[in-house]
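Okay, structure first, notes after.
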Amino acid sequence: MTERAWRYILGMVQKRLPILEWLPHYSLKWLQLDSIAGLTVGLTVVPQALAYAEVAGLPVQYGLYSSFMGCFVYFFLGTSRDVTLGPTAIMSLLVSFYALHQPTYAVLLTFLSGCIQLAMGILHLDFLLEFISYPVIKGFTSAASVTIGFGQIKNLLGLHDIPQQFFFQVYYTFLKVGQTRLGDTILGLVCIVLLLLLKAMRDQVPPLHQQMPRCVRLSHIIVWSITTARNALVILFAGLIAYSFQVMGSQPFLLTGKTAEGLPPFQLPPFSEATSNGTVSFIQMVQDMGAGLAVVPLMALLESITIAKTFASQNSYHIDSNQELLAIGLTNLLGSFVSSYPVTGSFGRTAVNAQTGVCTPAGGLVTGVLVMLSLAYLTPLFYYIPKAALAAVIITAVAPLFDAKILWTVWRVKRLDLVPMCVTFLFCFWEVQYGILAGILVSGMLLLYHVARPQIQQISKGPVLVLRPISGLHFPAVETLWKTVYNQALSASPPRCTILDCTHICNVDYTVMTGLGELLEEFQNHGASLVFAKLQAPVLFDLLSADLKGFQHFSTLEEAEKYLSEE
């Protein structure tokens, strides 16, 4: 093989294995920073994973099962040094909807989502995500924050038998508020206050400088570490209180209870489920998950790629969206073999990763090992974690997802964008898939409206009419072009000769060419002329190929006006 061929092959391998780009340059300094970042993220992900499994309606160990595979896969395939893959509040909410609170459904959903994501990556279909507008995303995340947050009120108050559907959840929570357990409520509120105070402390910690005295730097590191690992510390605090009551022979809190011990077995995902009424087949399980097979993989990709792009732009480096898609797909595919539920990029943990100065995706190895050690040795201790403490972690984690300021921003920029945002927000309380679908449809209708009703600018009011379509021409716009030209040129007495300035038209389809041909004939019937100016080469080639009767084109407006004045 030639040297050029080898270089091409090496480039393709490096593109698919980004680790080959940074690993040869890896240094001891990077190892130190990556280890600190990985440890910090690990202390964040363990309590969050336990809490998010509660949101997903699964046993708490499934949160940890879902937290380590992404660390190892992203080490090889990730293009962002900051992104961490694992369970998130949004994914957990979607799993609770579509996995029917059954681990077998959740694991199968992970496998199928991974297959779909990998297929999209191989076919380079990441562009489909660009049709989900930002107002739709904000409407969905805001509704999700309300749904997830209110869904934890039952654990905060110690209530039982609360339905999962949002409106029934609200009704029965208020109906049973008289059954509130005082111990759970007090502990949950104390945990929320502690988490908010620690977060406020972290936000007020000044940046670390080398010029600071050593004692000041040491205290800075201690305070920053404590406030960053606040979730773990609050869970530990609540667990110690619950254990103390257990030793004394009373228990005022609802506890997580017995958790399966050890690492999950590496096995094929379940393609059927045995129940007391028989066996649920693979086809039936797929039918039960329904729209989740589209919503879950798409939202996972959207969330992760958005996070990667955000941190890449902030830190001035480039990410490959399609490579990110492959990394998420392979994570979910392999994760299904260790009983994971669907995962994606986590904004909160990615922010922690970036703030601790991570240099490469190698920081994820430390996080993954820490999660696996927790599964191997700490699961018996999870018994004593109060559900109210987990609820506090979830509520404080999802509260920032509700962004009220965006309403004012959208109102000032483009008020019409409030329509898909509000439609998505409201419909998501009914069913998540209906909210997302309704938002996409409304956004699509607004987009298509501008395509079908292009702005046509009149730039000359003399004897020769000059019209310029501002946003190009596509087949839905033919009728609008017809009406505009007819009303301004052919309805006049006498009919006016017209120049169509095609500066902004970069392509035409068959319907547009047919409409232009009919328009030329109509001008001839009225004894007037229609000519074209400033056509781009591809459009000119298409119109010449169509062999339109009476077609005339000029490179400048002056030439076209001179031709019509001499006619």
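The values are calculated or read from the model by the stated rules, or taken from the named source; none is laboratory data. Worth saying up front: this structure is predicted, and the values here are computed from it rather than measured. Positions of Cβ are backbone-derived with ideal geometry, glycine not excepted, and every protein chain shown enters the neighbour counts. Areas reflect the complete protein model, heavy atoms only, side chains present, ligands, DNA and RNA absent. Shrake-Rupley method; radii C 1.70, N 1.55, O 1.52, S 1.80 Å.
Points worth noting:
- Scalar couplings 3J(HN,Hα) for segment 216-230, obtained by applying the Karplus form with A = 6.51, B = -1.76, C = 1.60 to θ = phi - 60°, are 5, 5, 5, 5, 4, 5, 5, 5, 5, 5, 5, 6, 6, 8, 4 Hz; x denotes Gly and Pro.
- Whole-Å distance, taken between Cα centres, linking segment 78-139 and segment 336-403: 17
- Antiparallel DSSP beta bridges within segment 432-567, percent to nearest 5: 35
- Put simply, the amide H of Ser346, placed in the peptide plane, has neighbours under 5 Å in Thr84, Gly86, leaving out anything fewer than 5 places away on its chain.
- Of the residues Trp30, Trp430, the one with the largest accessible area comes first in the ranking Trp430, Trp30, computed with a 1.4 Å probe on protein heavy atoms.
- Rounded, prolate or oblate (a/c below 1.5 giving rounded, otherwise prolate when a/b exceeds b/c) for segment 309-381 by Cα gyration tensor: oblate
- Whole-Å distance, taken between Cα centres, linking segment 534-567 and segment 170-209: 70
- Probe 1.4 Å, accessible area per residue of segment 148-210, Å²: 59
- Nonlocal amide H pairs with Phe554, under 5 Å, H built at 1.01 Å: Phe532, Ala533, Lys534, Leu535
- Taking only the C-alpha atoms of segment 39-166, Rg followed by Dmax gives 16.0, 48 Å.
- Under Stokes-Einstein, with the Kirkwood radius over Cα pairs as Rh, the value for segment 177-233 at 10 °C and 1.306 mPa s is 119 µm²/s.
- For the chain, DSSP calls about 55 percent of its internal beta bridges antiparallel.
- Annotation: amide H of Cys497 within the under-5 Å range of Leu465, Ser529, sequence separation 5 or more or interchain, hydrogens built in the peptide plane.
- Against the empirical curve 2.2 N^0.38 Å, the C-alpha radius of gyration of segment 428-567 lands at a ratio of 1.25.
- Those chymotrypsin sites (Phe, Trp or Tyr not before Pro) in segment 89-149 that DSSP places in a loop and that have at most 10 other beta carbons within 10 Å: none
- For the chain, a/c is not less than 1.5, where a ≥ b ≥ c are the root eigenvalues of the C-alpha gyration tensor, and a/b tops b/c. That puts it in the prolate class.
- In order along segment 189-203, phi translates into HN-Hα couplings of 5, 4, 5, 4, 4, 4, 5, 5, 5, 5, 5, 5, 4, 5, 5 Hz, rounded to whole numbers, per the Karplus curve 6.51 cos²θ - 1.76 cosθ + 1.60 with θ = phi - 60° and x for Gly and Pro.
- Shape of segment 156-315, Cα gyration tensor, a/c cut at 1.5: oblate
- Once the gyration tensor of the Cα atoms in segment 114-168 is diagonalised, the equivalent ellipsoid follows with semi-axes of 35, 15, 8 Å, ordered largest first.
- For segment 362-404, convex hull volume per residue from C-alpha positions, Å³: 77
- Ligands, DNA and RNA left out, the accessible area of the chain computed with a 1.4 Å probe is 65% carbon and sulfur.
- Average accessible surface for segment 296-358: 27 Å² per residue, computed with a 1.4 Å probe over protein heavy atoms with every protein chain in place.
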